[in-house]
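First comes the structure, then the notes that go with it.
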Amino acid sequence: MDILSITGILVGVGAILLGVVLDGGDISSLLNVPALVIVFGGTLGATLLQFPLVIFVRSMKMLSWVIMPKEMSLSAQIDKVIYWSQLARKDGLLGLENALPEEDDLFIKKGLQLLIDGNDAHAIRGILELDMYSKEDMGLQAAGLYEAMGGYAPTIGILGAVMGLIHVMQNLTNPELLGQGIATAFVATIYGVGSANLVFLPVANKLKNHVLALTQVREILIEGVIAIADGENPRNIKMKLGGYLHDAQR
């Protein structure tokens, strides 16, 4: 579980609500159904118009990564590659068949299968890098959906504010309806700007970071598989892949 994500949401929203209370305001004044419908309905509609269904579905699935990110330990991946290299050195490449059932990740399975089938290092690199960059691109596109929502929400919030002011102007002679129109105008702006900067844009950037981190894990796997295909010593492979750990600690 990503504690920083939960903490960030609580601190961000909590600071705004606390500020309202300290200023003598009422938190219930921020609850406005018409503004809610305008901002989030309009943002969702614009997003659905921009993105195809496959990216929208993928982005919804990836949303869980914000709270429950995928396990991506670089050291664990390196240890796994070293284990494969020792297995291949002892039993040959066909010995890696014993490690194949232990893996659930399709990318890892593909790399091991390419080794078992006796493909040369150049062919293995080409196949795995194409797969890696394709997955990275799909992940960044899905993260881009939340970035787009972060761009639309403030604009839709301004649209809601204008609509609220129009409602006010139409009811200048009826004081009872003025409050509702003014509330919609200001709260819609808060919803738009607040959701963009407290939710949508941070979520987009966090997902991008996870996608890039996953790409780095796959780079380690590719370099490890290539080294095994070239018959390198497990000790040399460990030293080579250790450079990724140094980069991660800088």
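The values are calculated or read from the model by the stated rules, or taken from the named source; none is laboratory data. No experiment lies behind these values; they were computed from the predicted model shown. Please note: Cβ atoms are built from the backbone with ideal geometry, for glycine as well, and neighbour counts cover all protein chains shown.
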Task: Answer from V57, V13 - the residue that is surrounded by 10 or more Cβ atoms within 10 Å (Cβ to Cβ), without any contact (Cβ under 8 Å) to a residue 24 or more places away in the chain and β-branched (V, I, T) - done: V57
- [ ] Kindly check whether there is at least one residue in segment 54-64 that is more than 25 Å from the chain's Cα centre (by Cα), closer than 24 Å to L212 by Cβ and not basic (K, R).
- [x] no
Open item on the list: Going by what's in this entry, would Y191 be described as at pLDDT 95 or above and not acidic (D, E)?
Closed with: no
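Please list, ordered by residue number, the helices (runs of 4 or more DSSP H) wholly in segment 1-109 having 1 or more residues that are within 20 Å of L207 (Cβ to Cβ) and in contact with a helix residue (DSSP H, G or I) (Cβ under 6 Å, 6 or more places away or on another chain).
3-22, 42-50, 53-62, 74-91
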Open item on the list: Quick test for you: out of A183, A188, A161, A123, pick the one residue that is more than 26 Å from the chain's Cα centre (by Cα), assigned to a helix (DSSP H, G or I) and under 30 Å from A229 (Cβ atoms).
Closed with: A123
Task: Residue identified as surrounded by fewer than 19 Cβ atoms within 10 Å (Cβ to Cβ), within 27 Å of T43 (Cβ to Cβ) and touching a residue at least 40 places away in the same chain (Cβ under 8 Å) among M169, M138 - done: M138
Task: Residue, nearest to the chain's Cα centre (by Cα), within segment 22-53, restricted to residues that are surrounded by 11 or more Cβ atoms within 10 Å (Cβ to Cβ) and among the β-branched types (V, I, T) - done: T47
